[in-house]
Amino acid sequence: MIAQDKRFFEETSYGSWRTAGQIDRDRLLYSPHLARLAEVTQVRAMDGGYLVHNRLTYSLKVSQLSRRIAEKLINDWSGKRDELDLDPDVAEAAGLAHDMGHPPFGHIAEEELNELLQKKPTAGGYEGNAQTFRIVTRLSVSDSAPKDKHQSVQPALNVSRATLNGILKYPWLEGSGPDMKQKNKWGAYKSESKFFDWAREGSGNSDYRRSLTAEVMDWADDITYAIHDMVDFHCAGLIPLHLIADGLRSKDSVARAEVERFFDGAGSRDPAIFKDKERYRRLLGKAFDLLTISGPYQGTLEENRDLWYFTSELISLYTQAIQLKSADALRSEARPVTIEPDLKDQTRILKQLTWHYVICHSDLATMQYGQRRMIRELFEVYCDAARKEKLDLFPIGFAQMIKRDQDDTLSERWAADFISALTEREVYKLHRRLIAPAG
């Protein structure tokens, strides 16, 4: 049996009464890489008006839901958590960590950094999940005290094997994977292969099998994305949930036309919805049976109560939708859990509401053009700085890391590491200072 509470680097014990999972959860909660997510957009920022989720508040909800799902599965298994290799603290830790690798401006910057890095073949690409793994294993710091007296600072967070494996939503290295459909997704860069191999030791028969913790975290992420962004942007006036509800329930021509436009857009983005539109219409209708609103959001007490009820009921349904397989299946099959297909696909169509009304909106596209340009121009500046050792352009701690690891890390990777760890406010400020100074 591989010890799941073991850490990659030996460290001095503080004689803590906390379990390994509790220590991991606390280290991630106090990490500055988590704190910076308070100034990283979840989907889009709103200028005034309703306060929508940012990456930090989103991550906190994923972590809380990961914990509850883990507790539910342990309860289903009559409380025999050791048989499952499932720890609620580890599940919570994985939820806290899962978005740490998201750069400022989210997926747009992720795509831009990936394109910039791929121009140099030996640099590899950029992937948010792999960046999370790199942060946790190499780039962050914590209270971890090295046993080696000659080493002043322990590298990164030094979390347990269970937590590292739980972070791996895509448990394969860059350049590999189970099929071509996921060729743009991977869990770790080749530069972190030694940590990846160590985390995956004893993970089962399949090289690409997620841990049970990773399955829990991924489903919590799906639930949170499907529900909270949808409700956020209804309250912000961008998603007309009242019209969709009316169009599904009544013969009102305006509302029905709105539903048709939505499904046309959703089907164009997702072939599964296009092929089985009536089934997805039925699933969306079942979700909206829980919603009692009659018009645009005004902020009344009654509206807030009804939206909270809608959110809570959906979360409860989806939490119950995940089930453990048999004991033998847990050890041998590719996935240790099943998720009720109708409820899984219900989250799929709910996510499309945010895509249709927010992400694909034209005004967001113009904003993202400018954001891409800032990322690209800063990347050039910091590549040059790392290559020519102009380390005064970096914060002192980051410059120390470059000096420590400069022999095995390319300047392009350092530039991506630095930019991806900025907040959006810092990107604007640095761009003004370095590239477009006033006057």
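The values are calculated or read from the model by the stated rules, or taken from the named source; none is laboratory data. Since we're looking at a predicted model, the values are computed, not measured. Note that we place each Cβ from the backbone using ideal geometry, even for glycine, and neighbour counts take in every protein chain shown. Just the protein is used for accessible areas: all its heavy atoms, side chains included, with ligands, DNA and RNA removed. Shrake-Rupley method; radii C 1.70, N 1.55, O 1.52, S 1.80 Å.
When nucleic acids and ligands are ignored and a 1.4 Å probe is applied, THR57 ends up with an accessible area of around 50 Å².
At a 1.4 Å probe radius, which order do ASP417, ASP405 fall into by accessible area, largest first?
Values: ASP417 0, ASP405 25 Å².
The ordering from most to least exposed comes out as ASP405, ASP417.
If I take R0 = 25 Å and measure r between the Cβ atoms of ARG432 and THR366 in this structure, what FRET efficiency does the formula 1/(1 + (r/R0)^6) give, to the nearest 0.05? The partial results should precede the final answer.
Numbers: r = 19 Å, r/R0 = 0.78.
Working from the Cβ atoms, E equals 0.80.
Solvent-accessible surface (1.4 Å probe) assigned to PHE288 amounts to roughly 0 Å². Whole-Hz Karplus values for region 411-421 come out as 4, 4, 5, 4, 4, 5, 4, 5, 5, 5, 8 Hz, taken residue by residue from phi with 6.51 cos²θ - 1.76 cosθ + 1.60 and θ = phi - 60°; glycine and proline positions read x. Using a simple spin-label model with pseudo-atoms 7 Å out from Cα toward Cβ, ILE396 and ALA272 lie 5.1 nm apart. For the chain, the solvent-accessible area works out to 47 Å² per residue, with a probe of 1.4 Å and every protein chain left in place. Considering helices alone, the calculated mean residue ellipticity of the chain at 222 nm is -17500 deg cm²/dmol, with DSSP H runs of length four and up weighted by -39500 (n - 2.57) and normalised per residue.
What ranking do 4-10, 169-175 get when scored by the average of other Cβ atoms within 10 Å per residue, highest first? Write out the running numbers ahead of the final one.
On the way: 4-10: 16.1, 169-175: 19.6.
Ranking the peptides 4-10, 169-175 by packing returns 169-175, 4-10.
Spin-label model, ARG373 to SER16: label points 7 Å out along the Cα-to-beta-carbon direction sit 4.7 nm apart.
Length gain on complete extension for the stretch LYS185 to TRP77, per 0.36 nm per residue less the alpha carbon to alpha carbon distance? Intermediate values should be presented prior to the final figure.
Details: separation 108, 0.36 × 108 = 38.88 nm, distance 3.20 nm.
That pair, LYS185 and TRP77, stretches by 35.7 nm at full extension.
The relative contact order of region 305-438 comes to 18 percent, based on Cα pairs under 8 Å that sit 6 or more residues apart. Taking amide H positions as modeled 1.01 Å from N, with prolines and chain starts lacking one, the residues under 5 Å from GLU11 and 5 or more places away or on another chain are LYS147. Shown here: Cα extents along the principal axes in Å, derived from the displayed model; of the candidates (i) 59, 56, 45; (ii) 62, 57, 41; (iii) 74, 67, 43, it corresponds to (iii). Dipole magnitude for region 165-321: about 520 debye, using +1 per Lys or Arg Cβ and -1 per Asp or Glu Cβ, origin at the Cα centre.
Check each of the GluC sites (Glu not before Pro) in region 337-439 and keep only those in coil by DSSP with at most 16 other C-beta atoms within 10 angstrom; list them in order. Could the numbers behind the result be given before it?
Values: sites: GLU377, GLU380, GLU389, GLU412, GLU424, GLU426; in loops: GLU389.
Those that pass, being in a loop and sparsely packed, are GLU389.
For region 299-312, the Karplus equation 6.51 cos²θ - 1.76 cosθ + 1.60, evaluated at θ = phi - 60°, returns couplings of x, 6, 4, 5, 5, 4, 4, 5, 5, 5, 4, 4, 4, 5 Hz by residue, with Gly and Pro reported as x.
When each of the peptides 194-202, 267-275, 128-136 is scored by the mean number of other C-beta atoms lying within 10 Å of its residues, the order from highest to lowest reads 128-136, 194-202, 267-275.
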